[in-house]
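What follows is a set of notes on a single structure, which appears directly below.
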Amino acid sequence: YLEAVRRLKSEGHRFPRTIHMTFVPDEEVGGHKGMELFVKRPEFQALRAGFALDEGLANPTDAFTVFYSERSPWWIRVTSTGKPGHASRFIEDTAAEKLHKVVNSILAFREKERQRLQANPHLKEGAVTSVNLTKL
């Protein structure tokens, strides 16, 4: 947005309302400690905002997809326990074996959604469920 506003200003565009840019934390997880707190403040009310946009989805064209709702992140913590062992033996029922099944299930669902997106030209990013395993 900074670059877009910079270009609009440099090209001499004028708007009927003032453009306010806010940078708040927490938007990926619901904004409860960022935008939600800010909109309750008198400083926000004084802006008399007509509408707000977040970062949206990247698009290689000059089109901008507008969403009327937002997804909710699900943070899942999995604890896997199993039999301990020694490196000289193949121990059955280990924590890693159990965790392997969970990771495979998550990645299988992710792949199914990716294929659904690729198979349907009418679907756009955001129309399917994305799963990103970011920590192990």
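Looking at (1) at pLDDT 85 or above; (2) part of a loop (DSSP other than H, G, I, E, B); (3) assigned by TED's automatic domain parsing to the domain that holds TYR1; (4) among the hydrophobic types (A, V, I, L, M, F, W, C), which one does LEU37 not meet, given that it meets all the others?
Failed condition: (2).
So THR79 passes all but one of these: (1) modelled with pLDDT of 70 or more; (2) surrounded by 10 or more Cβ atoms within 10 Å (Cβ to Cβ); (3) part of a loop (DSSP other than H, G, I, E, B). Which condition number does it fail?
It is condition (2) that THR79 fails.
Between residues in segment 1-25 that are in the same structural domain as GLU43 (by TED's automatic domain parsing) and residues that are of a type in the set (Lys, Arg) and surrounded by 10 or more Cβ atoms within 10 Å (Cβ to Cβ), which pairs lie under 8 Å by C-beta distance while being six or more apart or on different chains?
PRO25/LYS33
For the condition under 19 Å from the mean Cα position of the chain (by Cα), assigned to a loop (DSSP other than H, G, I, E, B) and modelled with pLDDT under 75, what is the one hit in THR22, THR65?
Result of the check over THR22, THR65: THR65.
The values are calculated or read from the model by the stated rules, or taken from the named source; none is laboratory data. This structure is a prediction, so every number in the text was calculated from the model and none was measured. Glycine also receives a Cβ, built like all others from the backbone with ideal geometry; neighbour counts cover every protein chain displayed.
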